[in-house]
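The values are calculated or read from the model by the stated rules, or taken from the named source; none is laboratory data. What you see is a predicted model, and the numbers here were worked out from it, not measured in a lab. Methodologically, a virtual Cβ is constructed for each residue, glycine included, from the backbone with ideal geometry; neighbour enumeration extends over all protein chains shown. All accessible areas refer to the heavy atoms of the entire protein, side chains included, with ligands and DNA or RNA removed. Shrake-Rupley method; radii C 1.70, N 1.55, O 1.52, S 1.80 Å.
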Amino acid sequence: MLSFRSMNNSFQFLLFIISYIILHIINGIQAVPPGFLLGATYRPGSVSNLLCKINPLTGEFTTFISLDDYKAYDLTYDIIHKKFYIFGSQGFIKREAQLSVLVVNPFNGTKQYRPITSEDDTELFGLRVDSSTGQLYSLQMIDLEKNPVSIVHIDPITFHAKRWANITKSDGIQPDSMAIFYNSTHHQYFVTVAGSGYADDLVGVDLVQRKVISRISNSNLPAYLCYDNTTNAFYGMQEVQGKRACRLVRLNPYNGTLSILSHDFNDYLSSTGTCYGGFYFTMIVEKLDTQKIVTFDLINGGKIVANSSAEDYLDAIAFVPL
């Protein structure tokens, strides 16, 4: 028979194991900064979409507001001024609906519809906010001009779009790769445009001086590029050449240096991505109804901290810290 001391030691060891497991679960839960993802759904053939709250660790979706008769193309969050911007178009059924912005309070769900006034015969792609100034920026395309691509500034009060900086030697746009980098001294916008040959160009623009400051060329630039303030680096999801797969990479947008951080997610492609506080969040999609939310720890070299099934397809996401 076991002695009382042996049973007591076994019980203490069991408590230690349980405490160890609970501690690691708590540490895992606390690993991501307090907050949540807000994501816009895409449902083909439907005139109604949703803006959902998503838990980046469990993938759990909660409807935040309904986007009736509205198609979201991009999202951006002003962390300092606590404003959430949805870039899209109302009149979902119409072929030529006016581009607009829904300004949403990310905590109580109140929203305001603001149409964008832009130049004639132009198209706008994507939306980013420089939170240190509260100003909005987008990428503009005018087919009839010799240099058709430019950065535009969108006034956050009037929502008038004004040409801000021309990008020469380009005749097209890749809207899935754009990032904004800002702090007290730097205000830079990076966008991917069609370059010469088979390569795309990632162009950096100084928003204060209103001029191009960098340009790199690569045939396989990552999509959903973002700047992480904690690691002071840029990250994105790169398609793997030669097969259907994607992976997380770190990119230096000034010289083109690229480091692969994750394994290949075979049979999956990314539909959106964003980063905040040392983490990169993305949705990877196998089919239109088979998708996952993946969270990477950027401080620990892109370690996967969550890989959870998601119930809806997302066109765009942004992280809202608490």
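Of the listed requirements (1) open to solvent by 10 Å² or more (accessible area, probe 1.4 Å); (2) touching a Pro at 6+ places or on another chain (Cβ under 9 Å); (3) farther than 19 Å from ILE79 by Cα, THR295 misses just one: (1).
Remark: ASN49 falls outside the filter, which requires a residue to be assigned to a loop (DSSP other than H, G, I, E, B) and not basic (Lys, Arg). Among the conditions (1) in a loop (DSSP other than H, G, I, E, B); (2) within 22 Å of the chain's Cα centre (by Cα), the only one that ASN147 does not satisfy is (2).
Suppose we filter ASP228, ASP200 for residues that are buried (at least 16 other Cβ atoms within 10 Å of the Cβ) and within 21 Å of LYS169 (Cα to Cα); which single one remains? Lay out the reasoning, then the answer.
On the way: ASP228 fails: within 21 Å of LYS169 (Cα to Cα).
Exactly one residue qualifies, and that residue is ASP200.
Each residue in the range 234-289 was checked for being within 21 Å of LYS303 (Cβ to Cβ), in contact with a strand residue (DSSP E or B) (Cβ under 6 Å, 6 or more places away or on another chain), open to solvent by 40 Å² or more (accessible area, probe 1.4 Å) and in a loop (DSSP other than H, G, I, E, B), and 1 pass. If you go through the range 158-180 and keep only what is open to solvent by 60 Å² or more (accessible area, probe 1.4 Å), at pLDDT below 95 and hydroxyl-bearing (Ser, Thr, Tyr), you end up with just THR168. For beta carbons closer than 6 Å, sequence separation of 6+ or different chains, a first residue in the range 173-198 that is within 18 Å of ASP143 (Cβ to Cβ) and free of Cβ contacts under 8 Å to residues at least 60 places away in the same chain and a second that is open to solvent by less than 20 Å² (accessible area, probe 1.4 Å) and not in a strand (DSSP E or B), the qualifying pairs are VAL193/SER170; ALA194/SER170; ALA194/GLY172.
Looking across the range 97-124 at every residue that is surrounded by 13 or more Cβ atoms within 10 Å (Cβ to Cβ) and charged (D, E, K, R), the one that is nearest to LEU139 (Cα to Cα) is identified as GLU123.
Could you tell me whether VAL212 is over 20 Å from CYS275 (Cα atoms), open to solvent by 10 Å² or more (accessible area, probe 1.4 Å) and assigned to a strand (DSSP E or B)? Before you say what the answer is, go through the steps one by one.
On the way: over 20 Å from CYS275 (Cα atoms): yes; open to solvent by 10 Å² or more (accessible area, probe 1.4 Å): yes; assigned to a strand (DSSP E or B): yes.
Yes, satisfied.
Report whether or not ASP201 is of a type in the set (Asp, Glu), part of a strand (DSSP E or B) and at pLDDT 85 or above. Show your work before the answer.
Numbers: of a type in the set (Asp, Glu): yes; part of a strand (DSSP E or B): yes; at pLDDT 85 or above: yes.
For ASP201, the condition - of a type in the set (Asp, Glu), part of a strand (DSSP E or B) and at pLDDT 85 or above - is met.
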